[in-house]
Each structure stands twice: as structure tokens, then as C-alpha cells.
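Any read-out appearing in this document is the output of simple, stated calculations on the displayed coordinates, not a laboratory observation. Keep in mind that this is a model prediction, so the values were computed, not measured. Heads up, the Cβs are rebuilt from the backbone with ideal geometry, glycines too, and the neighbour counts pull from every protein chain shown.
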Amino acid sequence: MKNVIAIDGPSGAGKSTVAKLLSKELGFDYLDTGALYRAVALGLTKGGIDENASDDGIAAALEDIRVEFRDNRVLLNGTDVSHDIRSPEASHFASVFSARRPVRAYLLGIQRDAAMHADLVAEGRDMTTVVFPEACAKFYLDASVGERTRRRTLELSSRGFEADEDRIRLDITERDIRDSRRALAPLRKADDAHFIDSTGLAVEEVFEKIIGIIREDAKDRPE
Ligand code: DC
């Protein structure tokens, strides 16, 4: 495995923005694993799979699904779905299907494979705990629900989606509960992850904190 900087945290904590800045600074590839879960969920719903499907049904449907994350774009069976996966419905189904065993097993290999070919800044919910437990630096990024709601609202409206703040607050709370209480790879802070609360911080400030820690840690690591 190449070098991996692993970042976990809930929706709206600022992971993507800071992960992209870090990948530029370090010359690492950026891996948005939420985008992979979103694309798989889109593929499943398009294939007629709903929340009540059995694991076998989901596993069979996955055989016809191919997802790739390339140059910050997400491809589902070769089609760019980078915009479609950002809708509130796609967020909901990504959270629902990401709790299912066949989906997690399917994406585990794809994510680890990405780290065989390039140094990575990888962000998601289980980067530090399950996918890359040997990452060279681990971070858990969080922010208050109010701040995360404001960020998601801005993000959705800038992408042209309807963005009602009360609805988004509810969605975020519902997803937090589902993503952190599920049995498989729940969202949690790894013991050896640095905790960063980005409430009230500008992106640049979060970036400076993280890059500072990465550089300090690198000094302590044997050559
Ligand atoms: O980061 P995001 O909001 O794009 O992620 C969408 C959903 O995918 C999230 O609600 C939970 C799931 N997810 C996951 O279970 N594991 C990951 N590593 C990344 C995302």
C-alpha cells in the first residue's frame, strides 16, 4: 500500500474541501469514498433494488454495477454521474445501502486497490477504522449540526438542487444516526485519529491545522 492520509467524519464536516486541498499540496490522489457509495446506491435504485431487498438480491444486482472515481468524477458503468449522486435522494439511498454487507464488501476492494497505485488522501466514514487502519495520518473531522446544515444548504443550492434548511437539518440528523449506529463499519473516531472540530473555522484554518500535524508526525517517523 502507498501512503494514505485518512479522514473520517459526518456529512458537512468539511472533509471533501480540505481533502482536495491536501491532495493538491501533497501531490496525492484524492479519493471521495462517499461518492462511490452514492454511485452504487444510484446503480441499485436504477436496477429496481429497494431498501427491503435481501443481501442476495443486492449482491446479484452488484454484478452489473461498475463504479470508478477518476479525476474527481464518478462513473457508473462508464457514465459520469457526478451531478446526479449529489441529490438529497441519492444522499438518503447512499446512507441506507451503505449499511448493507454486500455493498461494503464490494467497495472495500475498490478502495484498497486505489491505494496500491497511488498515494491517497481518502475521506469517508471508515477510512481510519476499516479500510486504511495503517494510514500514515488519521483525522476525524466534525462540526456542530447547525454549521453542517448551513454548509450542506449552500452546497446543494450551488449545485442547483432545492435546499430547504429545515429539511436538510433533518436529513443530516437522520444520516448521522444511521451512519454511526449501523452494525458494519459505523462512523466513529479511531483511537489514533486526530480530532478536529471545524465549527467556526475557515477551510484554510482546518487545512493549516491538518498539514501542520502531518508535517510534525512525519518528523517523528523513522526514514
Ligand atoms: O460522504 P457522503 O455524504 O458523500 O457519503 C454518503 C453516504 O455514504 C453516507 O451517508 C454514508 C456512506 N459512506 C459510508 O458508509 N462509508 C464511507 N466510507 C463513505 C460514505
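A few comments on the model shown:
- Computed label-point distance, nm, for sites Arg221 and Leu184 using a 7 Å Cα→Cβ extension: 3.0 nm
- Rounded to the nearest 20, the Cβ-based charge dipole of the chain about its Cα centre (Lys and Arg +1, Asp and Glu -1) stands at 100 debye.
- For Val4, nonlocal amide neighbours, meaning residues 5 or more places apart or on other chains whose placed amide H falls under 5 Å from its own, are Leu120, Cys136, Ala137.
- Less than 5 angstrom separates the built amide H of Arg66 from those of Asn77, all sequence-distant by 5 or more or on a different chain.
- Modelled FRET efficiency - R0 30 Å, Ala105 with Glu165, Cβ distances, 0.05 increments: 0.25
- Length-normalised contact order of the chain in % [C-alpha pairs under 8 Å, at least 6 apart]: 32 percent
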